[in-house]
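Have a look at the structure below, then the notes.
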Amino acid sequence: MPAATALSRLLPKPPLWMKPPPWVAMYHSITDTADDPYRVTVSPVRFARQLHWLGDRGLRGVSVRELLAATAEGRAKGLVGLTFDDGYADFFDSALPLLRRHGFTATVYVLPGRLGGENTWDTEGPRKRLLTEDGIRRIAEAGMEVGSHGLTHVSLTEADDTELAAQTRQSRELLEEMTGTTVEGFCYPYGKVDPRVIHAVRKAGYRYGCAIDPGPHTGTYALPRVHIGEDDTSWRLTAKRLLHPLRRRHPADLLPARYRPAVVGAS
């Protein structure tokens, strides 16, 4: 019996009304990993192998927008959300060609307040270029989902109400002007989220929000994600996929309405 099958049989089964959240992988930069103190970089070679790992198992990488739509319709089996935070310019040159080769899509969360700038929020490590307006537009035209990462990559849980509104609402307006499409997704900088921030994201018109490990806030506006790094070989990816159901049970708001139990919906 394959090790992966044996391990899966040992995992506890969730109640029928509580499904694990969709599996969403979190990437950042796809480039050389020689200087990577924050472990946010994956080399193009490793990234290509990780995409092959998905394809070899009959899995398809898609944007979060597509993943949530499929989940709501009960057809998400075999789909994996692929996300890229910070809007690094290397997505266009390194990640996009590999995604297209596999027929995959992804969501890129960008910073319209730092167009063509650098990752100055990182005090250590190399300076990396961010996408320009033209780069963002071309990514959208290539079939990728463009989402907001705020205007300038600040911790929203520490922002006052005025700044919070600008980081959420204004960033969405700017991106919709650039791409000519509706921006549905928001990604919380640093993964930091609380009820006030979630409310601001909903009020700004987004349809979902991505976090990292949102704890009790897990839901459509605080989706947990799995960090994928340079060290994630096939064995590590297999373990992360199998253990994902244990990390978080999402509440009923991620389930199609007909599968929501009355007791959960009333809570």
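Mean-square fluctuations from a GNM of the chain, with a 10 angstrom spring cutoff on Cα atoms, peak among ALA200, ALA211, ALA106 at ALA200. Residues in the range 146-151 carry Karplus couplings, in order, of 9, x, 9, 10, x, 7 Hz; the curve used is 6.51 cos²θ - 1.76 cosθ + 1.60 with θ = phi - 60°, and Gly or Pro positions show x. In order along the range 105-121, the phi-based Karplus estimate (6.51 cos²θ - 1.76 cosθ + 1.60, θ = phi - 60°) of 3J(HN,Hα) comes to 10, 7, 10, 10, 9, 10, 10, x, x, 10, 4, x, x, 9, 7, 5, 6 Hz; Gly and Pro are listed as x.
Taking amide H positions as modeled 1.01 Å from N, with prolines and chain starts lacking one, the residues under 5 Å from HIS227 and 5 or more places away or on another chain are MET26.
In this structure, the amide hydrogen of CYS210, modeled 1.01 Å from its nitrogen in the peptide plane, lies closer than 5 angstrom to those of PHE186, CYS187, TYR188, LEU223, counting only residues at least 5 positions away or on a different chain.
Distances between every pair of Cα atoms in the range 21-265, grouped in 10 Å steps from 0 to the bin holding the largest one, split as 7, 33, 39, 19, 2, 0 percent.
Per-residue ellipticity at 222 nm, computed for the chain from helices alone with -39500 (n - 2.57) per DSSP H run of at least four residues, works out to -9000 deg cm²/dmol.
ALA140 sits among other residues whose Cβ lies under 13 Å from its own Cβ, and their net charge, with Lys and Arg +1 and Asp and Glu -1, is -4.
Readers should treat all values here as calculations from the given coordinates under stated rules, not as data from a laboratory. All values derive from a computational prediction rather than experimental measurement. Don't worry about glycine lacking a Cβ; one is built from the backbone with ideal geometry, like all the others, and counts go over all protein chains shown.
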